[in-house]
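Visitor: Starting off with a structure, shown below.
Every number here is computed from the coordinates shown, using simple stated rules; none is lab data. On a predicted model such as this, the values are computed, not experimentally measured, just so you know. Every residue, glycine among them, receives a Cβ derived from its backbone with ideal geometry; neighbour counts consider all protein chains shown.
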Amino acid sequence: MADNITLTIDGKMVEVPPGTLIVEAAQRLGITIPTFCYDERLRSVGACRMCLVEVEKMPKLVASCATPVAPSMVVHTKNDRVIKAREGVLEFLLINHPLDCPTCDKGGECPLQDLTYAHGPAVSRYRENKIRFIEDINQKFDDKPLGPEIILNRNRCIMCYKCVRIVRDLAGEADLGVFKRGAFTNISNLNEVAYADEFSGNTVEYCPVGALLSRSYRYSIREWLLKKATSVCNLCPVGCNMNVEWSAGRVYRHMSRRNREVDDGWLCDRGRYGFDIFSAADRLFKPHIRRGSTLEPCGFDEALIVVSKHLRKIIDQNLGMQVAAVGSPTLSNEEAYAIRHFFDDVIKTPEIDFQTDMAHPVESGIIDLVGLDGAIRDLERDTVFVIVGADPAVEQPVATLLIKKAVSIRNARAIFIGSYDKRLGHFPITNIRIPYGAEGHALEHISNRLENKAASDDIRLNEEALNEIEELARKGERVHIIAGRNFFNHPDRAGFLAAMLRLRKLANARLSILPPQSNFIGVSHFGLFGDVDHSFNKILERIDSGEIKTLFVFGSNPVDEFPDRKFVLDTLKKLEFLVVVAPFMHPTASLAGAVFPQAMLPDYGGTFTNIEGRIQLFEPMSDRPHVAVRPAWGILGEIADLINLGRIWYHDREIRDEIARQLKGMAVLAHMPSDGFLFPFRSQEELETRPVNLKTLPARKNEHSYILQFAQSVHHQGWLTEKSNNLMRISGREAILIHPEDAARDGIVENQAVTVSNSDESITVTARITTHVNRGEALLVNSFTGQPANKLMSRDSSITYVSVKGI
Amino acid sequence: MNIDMWQTFKSVFIAIPTGLSITFRYLFRKPVTEQYPKVRPKFEDRYRGLHYLTRYSDGSERCVCCGLCAAACPADCIYMECAETPSGIRYARIYEINELRCIFCGMCEEACPEEAIFLGHEFEFSSGDRDDFIYTKEMLLANYDKIEKERVAKRIKPMIRQERFQFKKPAAPIGH
Amino acid sequence: MAEFEKILFKYIDFPEQDRIDTYMKNGGYAAFRKAVTTMTPEEVTDVVIKSGLRGRGGAGFPAGRKWSFLPKGTGKPVYLTVNADESEPGTFKDRELMEKDPHMVIEGTLIAAYAIKCKIAFIYIRGEFTFAARQLTRAIEEARAKGFVGKNISGKGIDIDIVVHRGGGAYICGEETALLTSLEGGMGYPRVKPPFPAVAGLYGCPTIINNVETLANLPHIINRGAEWFASIGTPKSTGTKIFCLSGHINKPGNYELPMGVPLREVLYDYGGGIKDGHNLKAVIPGGSSVPVLTADKIDVHMDFESLAEAGSMLGSAGVIVIDETMCMVRAALNLAQFYQHESCGQCTPCRQGTYWMLVILNRIEHGEGRMEDLDTLLDICDNIEGNTICPLGDAAVPSVRSTIKQFRDEYEYHITNKACLPGTTAPRFE
């Protein structure tokens, strides 16, 4: 290891490791060198020339963002030559920059404005017409929509290449490129390609001028009027840190709040542009009570009294067992704890769960395995990724950036095993296609090769890819097995898990099971895990048989989520009293006897737990106009107080103090550190292998039946993201993907409207034809609540067979 | 005894008339009182009265809702919300000035980059209801259309310089 | 006019010199054979260093010393790229060499590749030189047939292959790092140095970039020795140089002369004097990227040091002759047009500065100039020079700055009288 290098900057000495850039070394001394094109996470280009400094013994000024330090370097960042160079560069940047500041959304937070004010010329000497990239001769502003969200104004671009580097090096797409040469260089996209990649919002945040702007923020407000609430995104379990920027009770945007351990300053578009779920037009702000056959808005106290009276009666008659509570994996840790504390200690019922989207709930042996094996930052160092039953680029985009980095820079191998092809941008990956449900079989193939056993011939796999995995595993490379969304509702989950455990042992690999919801790990460990006996599936059965008569639903929407819509609808109607805490009047809420408006980010504060087990704090906005909107603990505290069996919780801090006292190892929650803290939720015990007994693979019933599978897209995840106008504008409509041979046989063409039906029900979607799916299988992407796919599913069978017919 | 009488004589017959002589002198001087409301006051051009929003000569509003006037205002009395016309021009959908908060300093006029807002010579806008002092964009434009436009034409200040940018030919790249 | 022996142009007009049989009959490939069979690569490098051969592409860096910068033992392959992207205005020497004597270029490439232990050499040739590219490709195939190119040359286990890559038409790709980026398939954007190409160049491997003329000298140095080469020219600028004479001269063309020849001799004895008997006004001695010399300075010797002392540079030795009928503002405008068009656009000073200089010069030439424009132009030159990633920005400056300094009266005449000086109306090429 080389020694540190000592150099002098502006007369002060500093010692840094070799390879540090001059601008970073200056930062350690507190000297900020102005830059436009420098970003410490992107490869330096040294293009803007704003960071020029004088280094003694070098004839020319040196770009400090692209030059590593050398021993005994003497650097001057503030002498006359450097000041003149900076003024010169700013003058050059401004000669063709349009006078758009009053109408440009970047005004007020624009580095070009700030640096011109600090280092630039006060008056312009340029007397000619400015170069203009005309979009439409009749328009004044030459704004070019690059896609549904991003707007480009090429006149304002100062060619720092940050957007191109983000698109190409980070996300691995090829949407933006540099066209032409010299003074007429401009960044644009090809007309046929819409720029809607999931990291497009980052180019808007990091563009130093108003060349790239968001349509959702366009002309809405000025940055100096916005207040910032520190928050954590709750649309995926990576838990990227962000600031919710709001003013006067309205949320205007989400911006990144860089956390080097989790997101490193990047946000995916789902979290960034999903801010308008909060201000959706049909949000509930008042509680509702059923009078007769209709739900009518009422006061908060009135609703509380109705619920409390009902509960008081139940407690007095010791009928706590007839009550059940079900939460959602998107609730905060405090809400989960409050629900467990209320229903377990006060009502005395064990029927508490959160798995409202599973007919085969996860059991306790698996719950401790859910999560990332290691830290998010460690993903960069793995050399082989075996990704089975998951699409991390769609489910956990920002964590996948590290997989992309490993593949592109460190030559890691990413191998996807699944029944449809996946991608990591344009980075080279291998897709091993298997029939639906054959993940366990595929892993067994690999394990058998590693143990030099013969392979079974139940499925045929890509030999080359298997050779590769075997070779890499034998060489002792760092292997990481990642499972995701398709693990949880897999038709042969036990076999899949056993196969993963066996391969893990043989390849000495790490094993991660990543849930798609934001606080799956937190909610399951802070009290909402009901295990198989008290899972939501069992609760429904008990409601059906009459054992449970009262159900509390917090935050979830079982009618849309549970894989058997008919059963849920029929069962919930049998309840005596259904209380739903919901942000919208969704189908489950419309069946309720009492509905409470649920608090959404940033109405309330609390903590989420991400896939690494990092508990992160999010804070509410300080100006909350709607008094009746409460998180789950707010409502339960009031009820407990009314029935004289508890106290009102006024602040999430109070619950954290109680958790710190009650739960082991949680003492630090009483004093939450600002960048979160890691808790070892994942079982640290040595994972034993178990015998692998794989079920037979599902077979196609006949030529016209398809096995139905589901995939989510980045922008559409379910009924909640559907409420965001921004995300719906970017996401496509639902589509069902079928193989060309099947399409030919069933007479279906591209983009045709089709009905997807089982024997009883049907939905209407658009058909897309692609070879990326298997014959006999149909992949439904984006199930919208208007055409709910869970109509076609049944809890008795984990395989759904459908037929697809053109309209 | 005599001395007292002299003091009394001085104060009554000398001091009082001396003082009263000033009063009598002013009694016959022309008063400087302006007989408002019969006589209208004369203002310098730069008198700061009620605000008005200006238009271009083709009738469109100048204000692009940039927010600088609100940011410059020391009394925080300007509120605006922006929108975009179908042809892509930014404008203020809502623009309100709370004239009761306003201190008529003129910082908004100095800050405006579009020569859109000025303080005019209107000072007679009293009302009995506080709500009447929230001047909306329409009221401010009406102030311009009906009253200030003529005054501006006759005045030296403000001299509105910019006309709406008419795009001619773009810079001809040489050698291409 | 002193008589001396031509080295590079000895057989340039020999019939069929571009065929390998003729070339070998005239002594070709003997040097390569000698190097491969009797000398080690280190010895070859030594000879080149001792000969004092300096780069002929414009920078003038000693060729042998550049080779010695290659790091040893990195495990990465070493690449040689031949810079045949001759786009400097006023320069056309490489073209003649490649079209008429391609084998000499090939042989020089082979010798250099042997010296630096390179297995694949790339000739990056300007896209517009279609004939020269064809000549080189054919010559490589002829050499391959005779066993000089390819695997196991001369049975010594040495593999050298040469690939001709045609550029897309960009002056910037003559800059060495932009050349490498273009060769790798990207847009021709120069890279920040350090790291230098000798350490991390093509695909991150050690790379040497040499000019065509530099390499064409190598067979002769090997054949006749370093001392013989060093005896020609001046002690610091050894050997001969091909001077490209163009402009208002009676006999334009390529002239191979020893380094250090006086400029007056080049113009009058070899070039035949100024066309139509006009008076000389100015000479640009080294291609358009060097400062202009006024007519009183033409006794300067044409080598690297003497020209630097006189306030200009030897550059690529493209001698552009300007007589009294040329408007200097128009001359500066022509060159500013070139640099603006060729700027790659990556860094701010060159991208915007060349454009700004062009529009100001255009205004001055067309009668709309203002007095403050001259100081603005000089300030722009100061702000561009030294602040750019690559020397194109530095190259755009001398034509403007030196013409304003030496011919300020012409500029001021344009501004005040809105017309060119009488007698200097040059033909307009719009």
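Visitor: Once both labels are modelled 7 Å past Cα along the beta-carbon direction, what's the A:I366-A:R423 spacing in nm?
Guide: 3.1
Visitor: I need A:C233, A:C110 ordered by Cβ neighbour count within 10 Å, fewest first.
Guide: By the 10 Å Cβ count, ascending: A:C110, A:C233.
Visitor: Can you put A:T116, A:T8, C:T81 in order, fewest other beta carbons within 10 Å first?
Guide: Lowest to highest Cβ neighbour count: A:T8, A:T116, C:T81.
Visitor: As a footprinting exposure proxy, order A:F520, A:F710 by other Cβ within 10 Å, with the fewest listed first.
Guide: A:F710, A:F520
Visitor: Same structure again: Can you tell which of C:V261, C:V192, C:V359 shows the greatest fluctuation in a Gaussian network model of chain C with Cα springs below 10 Å?
Guide: C:V192
Visitor: At 222 nm, what value in deg cm²/dmol follows for chain C if DSSP H runs of at least 4 each add -39500 (n - 2.57) and the sum is divided by all its residues, to the nearest 500?
Guide: Helix contribution divided over all residues of chain C: -12500 deg cm²/dmol.
Visitor: Which residues does the label zone of B:Y56 cover in segment A:129-152, counting backbone N under 14 Å from a point 7 Å along Cα→Cβ?
Guide: Only A:138-142 pass the distance filter.
Visitor: Using the Karplus curve 6.51 cos²θ - 1.76 cosθ + 1.60 with θ = phi - 60°, what ³J(HN,Hα) values do you get for each residue of segment A:21-37, in whole Hz, with x for Gly and Pro?
Guide: Running phi through 6.51 cos²θ - 1.76 cosθ + 1.60 with θ = phi - 60° gives 7, 4, 5, 6, 4, 5, 4, 5, 8, x, 9, 9, 8, x, 9, 10, 8 Hz.
Visitor: Calculate the dipole size of the protein assembly as shown relative to its Cα centre from +1 charges on Lys and Arg beta carbons and -1 charges on Asp and Glu beta carbons; express the result in debye to the nearest 20.
Guide: Charge dipole of the protein assembly as shown: 1400 debye, to the nearest 20.
Visitor: For a 18 Å ceiling on Cα separation, which of these pairs sit above it: A:K538/A:K566; A:K701/A:K805; C:K10/C:K50; C:K6/C:K100; C:K117/C:K156; A:K453/A:K505?
Guide: From A:K538/A:K566; A:K701/A:K805; C:K10/C:K50; C:K6/C:K100; C:K117/C:K156; A:K453/A:K505, over 18 Å: C:K10/C:K50.
Visitor: Can you tell me the orientation of helix A:463-475 relative to chain A, as the angle in degrees between its alpha-carbon axis and the longest Cα principal axis, to the nearest 10?
Guide: Compared with the principal axis, the helix lies near 80 degrees.
Visitor: Using the Karplus curve 6.51 cos²θ - 1.76 cosθ + 1.60 with θ = phi - 60°, work out ³J(HN,Hα) for each residue of segment C:390-399 in order, rounded to whole Hz, and write x for Gly and Pro.
Guide: Taking θ as phi minus 60°, the curve returns 10, x, 5, x, 5, 6, 6, 7, x, 4 Hz for segment C:390-399.
Visitor: For segment C:228-290 and segment C:326-363, what is the separation of their Cα centres, given in Å?
Guide: So the separation of the two Cα centres works out to 27 Å.
Visitor: Also, quick follow-up: About its Cα centre, how strong a charge dipole does chain C have in debye, to the nearest 20, once Lys and Arg get +1 and Asp and Glu get -1 at the Cβ?
Guide: Dipole about the Cα centre, nearest 20: 1420 debye.
Visitor: I would also like to ask the following. Show that you can apply the helix-only estimate: for chain A, add -39,500 (n - 2.57) for every DSSP H stretch of four or more residues, divide by all residues, and state [θ] at 222 nm to the nearest 500.
Guide: Calculated at 222 nm, the ellipticity per residue is -7000 deg cm²/dmol.
Visitor: Across bins of 5 angstrom width beginning at 0, how are the C-alpha pair distances of segment C:1-79 distributed, in whole percent?
Guide: 3, 11, 13, 16, 19, 20, 10, 5, 2, 0, 0
Visitor: Next question. Can you pull out the GluC sites (Glu not before Pro) in segment A:422-499 that DSSP calls coil and that have at most 12 other Cβ atoms within 10 Å?
Guide: Listed in order of number, the matching sites are A:E451.
Visitor: If you take the beta carbon distance between C:K418 and C:T130 as r and set R0 to 45 Å, what does 1/(1 + (r/R0)^6) give as a FRET efficiency, to the nearest 0.05?
Guide: After rounding to 0.05, the efficiency reads 0.55.
Visitor: Follow-up. Helix C:130-145 against the longest principal axis of chain C: what's the angle in degrees, Cα atoms only, rounded to the nearest 10?
Guide: Around 10 degrees separate the two axes.
Visitor: For A:K180 and A:I134, FRET efficiency with R0 = 22 Å and r from the beta-carbon atoms, rounded to 0.05?
Guide: It comes to 0.95.
Visitor: Please give the contour-minus-distance gain from A:S674 to A:N644: 0.36 nm per residue of separation, less the Cα-Cα distance, rounded to one decimal in nm.
Guide: Here the segment from A:S674 to A:N644 would lengthen by 7.2 nm.
Visitor: Compute the distribution of all C-alpha to C-alpha distances in chain C, in bins of 20 Å from 0, and list the percent of pairs in each, rounded to whole numbers.
Guide: 26, 55, 18, 1
Visitor: Still on this structure: I'd like to know which of A:L176, A:F133, A:G239 lies farthest towards the positive end of the charge dipole of segment A:129-273, counting +1 on Cβ of Lys and Arg and -1 on Cβ of Asp and Glu.
Guide: Positive-most Cα among the choices belongs to A:F133.
Visitor: Any chance you could give the angle, 0 to 90 degrees and rounded to 10, that helix A:439-450 forms with the longest Cα principal axis of chain A?
Guide: 70
Visitor: Using a Förster distance of 35 Å, how high is the FRET efficiency between C:F14 and C:N250, based on the Cβ-Cβ distance and rounded to 0.05?
Guide: Computed FRET efficiency for C:F14 and C:N250 comes out at 0.85.
Visitor: For the protein assembly as shown, taking Cα atoms only, what is the radius of gyration to one decimal and the Dmax to the nearest whole Å?
Guide: So, for the protein assembly as shown, Rg and Dmax equal 40.3, 153 Å respectively.
Visitor: Sequence gap at least 6, Cα distance under 8 Å: using those rules, report the relative contact order of chain B to the nearest whole percent.
Guide: Taking the mean separation of contacting Cα pairs over the length of chain B, I get 24 percent.
Visitor: Follow-up question, since we're still on this one. Residues in segment A:67-109 near a label at A:K57, defined as backbone nitrogen under 19 Å from the 7 Å Cα→Cβ point?
Guide: Residues passing the 19 Å test: A:67-77.
Visitor: How long is the gain from A:N462 to A:N318 if the chain were fully straight, where each residue apart is worth 0.36 nm and the alpha carbon distance is subtracted?
Guide: 45.7 nm
Visitor: For C:K6 and C:E309, calculate 0.36 nm times their separation in residues minus their Cα-Cα distance, and state this gained length in nm to one decimal.
Guide: That works out to 106.3 nm of additional length.
Visitor: Oh, and also: Ignoring the sites themselves, what is the longest stretch of chain B with no chymotrypsin sites (Phe, Trp or Tyr not before Pro) in a DSSP loop and at most 10 other beta-carbon atoms within 10 Å?
Guide: After excluding every exposed loop site, the longest remaining stretch is B:29-164.
Visitor: Moving on. Take chain C, connect every pair of alpha-carbon atoms lying under 10 Å apart with a spring to form a Gaussian network, then pick out the residue of C:D269, C:D323, C:D94 with the largest mean-square fluctuation.
Guide: Top of the fluctuation ranking is C:D269.
Visitor: Output ³J(HN,Hα) for segment C:108-114: one whole-Hz value per residue in order, computed from phi by the Karplus curve 6.51 cos²θ - 1.76 cosθ + 1.60 with θ = phi - 60°, and x for Gly and Pro.
Guide: x, 4, 5, 5, 5, 4, 5
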